[in-house]
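A short worksheet on the structure shown next.
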Amino acid sequence: MSQPAREQWGTRAGFLLAAIGSAIGLGNIWRFPAVAYDNGGGAFFLPYVFALLTAGIPLLALEYAIGHRFRGSAPLAFRRLHARAEWLGWWQIAISLVIASYYAVIVAWAGSYTVFAATEAWADDPEDFFFGSYLQQTAEAGALGGLVPAVVVPLVAVWAVVLIVLLRGVRRGIELANRIMIPTLVITFLVLVVRAVSLPGAAGGLDAFFRPDFAGLFDPAVWVAAYGQIFFSLSIAFAIMITYASYLPRRTDLTGSGMIAGFANASFELLAGIGVFAALGFMAATQGIAVDEVVADGIGLAFVVFPEILSTFPALQGLFGVLFFGSLLLAGLSSLISIVQTVVAAVGDKLGWPQRRAVLVTGLPLAAASLLYATRGGVAYLDVVDYFINGFGIAAAGLVEVVLIAWVLRTLDRLRRHADGVSDMRLGWWWTIALGVVTPVMLGYQLLENLRTAVLAGYGDYPVAFQAGAGWVVAAAVLVAGLALARQGWRADVLQLEDFTVEADRRFLKDAS
Amino acid sequence: MSGEAIATMAAGMLLIWGGLAASVAHALRASRRRRDDRSG
């Protein structure tokens, strides 16, 4: 049985929009503004841009080089890189699988709220509406309490959209969807930001967001927060960028694409910060309180604070509500598509299945698994799984990736030669130092901090047994799954690289000598 | 807004949005150069 030809992006712009769509997610809108505010306000931009240049873009270039050079999903690409590296790819795939299962539910909430916003269904009490009327949350953590139809219906719709896009393949599905979704998202969000900055009190919010606290620059925690924000917002270390880069044609500017994707993601975060804090400034002015009393992040910001703000808009509350939650929906959908595709591609590569078969066999059980989070107790599971899979799954997988490549396998130079050979912009010594020293140190420090906090203080008010079961066990299970899946063999023809990369390597090695 | 907040906002926009604009401009220039090399 011969290996089917690997599908390719139609254009570089199509790849870039898909990569940017993957990076721009819910965290850009609900995490970055609060992280920047808590870590020096305007002064945060200095460590943030420094982290983008010394970790974000180098990591993007690394994952693009791995995917492009070894032409496969993460397990296949790592297997081709080195026989003992495959488990890292499967570990990242297992992380993506877990993230996709709950991320789909948040996207479904955004879908519901896009409809609710038209009539301001949350009325006078957005918090009670969200946790009580909509999610019907149980009081006891760990109790499932049955499915919530109001969440299940949009969840089915979200999975239908994702699977239809993926069934259409890379070019006619993922690329086309992102060509529509990302420009729409940017335009919609721009309209919202323009409206937000013209609201009374917006200047107060922007002042709180941008007023620099330069003392923060001497606080190591601020620098760690900047690296953490860059790391978690770029879809790095959970196999997405490796998979997407594997669909690039032979001649492609990997480094330039990394620069564009990294700066585009940061640009959207800055735009989100302006929009969110202008709206918070309006809310604070309306209530006659200080901005710091209304600052929020995460689910609370999106589904509790923003409905409250939207209800007090001077006019067109319904329209701006639909635009805001529609933005969340688009940002979430484009990221979810990329996360599920990494799993689909890995299964397809391993079993030699075409995209359609891999989508159905992988996507349907994954959609069924996500029903766990559509129960009355689902939000507690979602919260704990998200905390542990990010804090220990992604952070640890990212650290292992750079240490393995830079120090154990010592393949950084080989990957740099590949990237330089196809790119217009050459990676210099700074890239090697960024990935070999700066990124491992910052990620290692962050992982230890996460570990210290989780062990000493736990997470939230959840019972220890629940944190152990839904948090620690899940974080450990993805690693065990990675190790176990790597023990399954490959067909010999799958492991052979297509000619073009070998040719390209020969040419680059000749150039270098 | 205070003067320092405005200055920081302008600097942040310049760094980040300027970085994006420069990256896109560089990619377009390189692509045009490649096209010219092929045709020339």
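The values are calculated or read from the model by the stated rules, or taken from the named source; none is laboratory data. It should be emphasised that the depicted structure is a prediction, and the values quoted were computed from it without experimental measurement. Every residue, glycine among them, receives a Cβ derived from its backbone with ideal geometry; neighbour counts consider all protein chains shown. Accessible surface is based on the protein model in full, side chains and every heavy atom, while ligands, DNA and RNA are left aside. Shrake-Rupley method; radii C 1.70, N 1.55, O 1.52, S 1.80 Å.
Among the residues of the stretch A:24-66, which ones have their accessible area go down by 30 Å² or more when all the protein chains sit together, as opposed to their chain alone (1.4 Å probe)?
Relative to the lone chain, where solvent access is computed with a 1.4 Å probe, the stretch A:24-66 loses at least 30 Å² at A:45, A:49.
Compute for the stretch A:238-309: radius of gyration divided by Kirkwood radius, i.e. Rg/Rh, restricted to C-alpha atoms, rounded to two decimals.
Ratio of gyration radius to Kirkwood radius for the stretch A:238-309: 1.23.
Through the Karplus equation 6.51 cos²θ - 1.76 cosθ + 1.60, θ set to phi - 60°, convert the phi angles of the stretch A:27-34 into ³J(HN,Hα) values in whole Hz; use x for Gly and Pro.
x, 4, 8, 9, 10, 4, x, 6
Mind checking the dipole of the stretch A:131-240: about its Cα centre, +1 per Lys or Arg Cβ, -1 per Asp or Glu Cβ, Debye to the nearest 20?
600 debye
Note every residue of the stretch A:244-268 with a reduction of at least 50 square angstrom in accessible area, all protein chains present versus the isolated chain, computed with a 1.4 Å probe, or write none.
Checking the loss per residue gives A:260, A:263, A:267.
Work out from phi, with θ = phi - 60° and the Karplus expression 6.51 cos²θ - 1.76 cosθ + 1.60, the ³J(HN,Hα) of each residue of the stretch A:195-210, listed in order in whole Hz, and give x for Gly and Pro.
5, 5, 6, 9, 7, x, x, 4, 4, x, x, 5, 4, 5, 6, 9
Is the stretch A:135-198 rounded, prolate or oblate when judged by the Cα gyration tensor, a ≥ b ≥ c being the square roots of its eigenvalues, rounded requiring a/c under 1.5 and prolate requiring a/b larger than b/c?
Oblate shape, in that a/c is at least 1.5 and b/c is the bigger or equal ratio.
Starting from a Cα-only point model with no solvent, please compute log10 I(q)/I(0) by Debye for the stretch A:352-416 at q = 0.12, 0.14, 0.24 1/Å.
-0.60, -0.74, -0.91
Over the whole of B:13-26, what's the average partner chain Cβ count within 10 Å per residue? Rounded to a whole number, please.
Whole-number average of other-chain Cβ neighbours for B:13-26 is 6.
Between Rg and the Kirkwood Rh of the stretch A:190-265, both from Cα atoms, what is the Rg to Rh ratio?
1.12
Helix-only estimate, please: 222 nm mean residue ellipticity of the protein assembly as shown, summing -39500 (n - 2.57) across DSSP H runs of length 4 or more and dividing by its residues, to the nearest 500.
-22000 deg cm²/dmol
Farthest toward the dipole's positive end in the protein assembly as shown, which of A:185, A:306, A:30, given Cβ charges of +1 (Lys, Arg) and -1 (Asp, Glu) about the Cα centre?
Checking the options against the dipole of the protein assembly as shown, the answer is A:185.
Within 10 Å, at most 15 other Cβ atoms, and a DSSP state outside H, G, I, E, B define an exposed site. Report the longest part of chain A free of exposed GluC sites (Glu not before Pro).
It runs A:141-497.
With +1 on each Lys and Arg Cβ and -1 on each Asp and Glu Cβ, and nothing else charged, work out how big the dipole of chain A is about its Cα centre, in Debye to the nearest 20.
Rounded to the nearest 20 debye, it is 2440 debye.
What share of Cα pairs, in percent, lie more than 15 angstrom apart in the stretch A:18-67?
The answer is 59 percent, as a whole percent.
Specify the angular offset, from 0 to 90 degrees and rounded to the nearest 10, of the alpha carbon long axis of helix A:499-512 from the longest principal axis of the alpha carbons in chain A.
Helix A:499-512 sits roughly 80 degrees off the main axis of chain A.
What does the C-alpha gyration tensor say about the overall shape of the stretch A:283-378? Classify as rounded when a/c is under 1.5, otherwise prolate if a/b is larger than b/c, or oblate.
Verdict is prolate for the stretch A:283-378.
Helix A:220-233 against the longest principal axis of chain A: what's the angle in degrees, Cα atoms only, rounded to the nearest 10?
That helix lies at roughly 70 degrees to the long axis.
Using just the C-alpha positions of chain B as equal point scatterers, what log10 of I(q)/I(0) does the Debye formula give at each q in 0.15, 0.16 1/Å?
Results for chain B at q = 0.15, 0.16 Å⁻¹ read -0.51, -0.54.
So if I restrict to the alpha-carbon atoms in chain A, what is the Rg, and what is Dmax, the biggest pairwise distance, in Å?
Reported Rg and Dmax, both Å: 22.2, 71.
Could you tell me the calculated FRET efficiency between residue A:123 and residue B:31, based on Cβ-Cβ distance and R0 = 45 angstrom, to the nearest 0.05?
Given R0 = 45 Å and the Cβ-Cβ separation, E is 0.30.
How large is ³J(HN,Hα) for each residue in the stretch A:472-479, as worked out from phi by the Karplus curve 6.51 cos²θ - 1.76 cosθ + 1.60 (θ = phi - 60°), to whole Hz, x for Gly and Pro?
Each residue of the stretch A:472-479 in turn: 4, 5, 5, 4, 6, 4, 5, 5 Hz.
Set the Förster distance to 35 Å, then compute FRET efficiency between residue B:21 and residue A:172 from the Cβ-Cβ distance, nearest 0.05.
It comes out at approximately 0.70.
Put one equal scatterer on each alpha carbon of the stretch A:347-465, apply the Debye formula with no solvent term, and list log10 I(q)/I(0) at q = 0.09 1/Å to two decimals.
Evaluating at q = 0.09 Å⁻¹ gives log10 I(q)/I(0) of -0.46.
Give me the distance between the Cα centres of chain B and the stretch A:17-71, rounded to whole Å.
17 Å
Obtain the nm distance between the two label points defined at residue B:38 and residue A:296 by a simple spin-label model: each point lies 7 Å from its Cα along the Cα-to-C-beta direction.
5.2 nm
If all Cα-Cα distances of the stretch A:1-84 are sorted into 5 Å bins from 0 onward, what percent lands in each bin, rounded to whole numbers?
The calculated distribution, bin by bin, is 3, 11, 13, 20, 17, 13, 10, 8, 4, 1, 1, 0.
Over the Cα atoms of the stretch A:44-183, what Rg and Dmax result, in angstrom?
20.3, 59
Summing both sides, how much accessible area is buried between B and A? Use a 1.4 Å probe and give Å² to the nearest 100.
Separately minus together, B and A give about 1900 Å² buried.
Stokes-Einstein at 25 °C, 0.890 mPa s, Kirkwood radius from Cα pairs: D for the stretch A:90-248 in µm² s⁻¹?
Result for D is 123 µm²/s.
Could you look at chain A and say what percent of its accessible area is carbon and sulfur, using a 1.4 Å probe and all protein chains?
Answer for chain A is 64 percent, counting heavy atoms of protein chains only.
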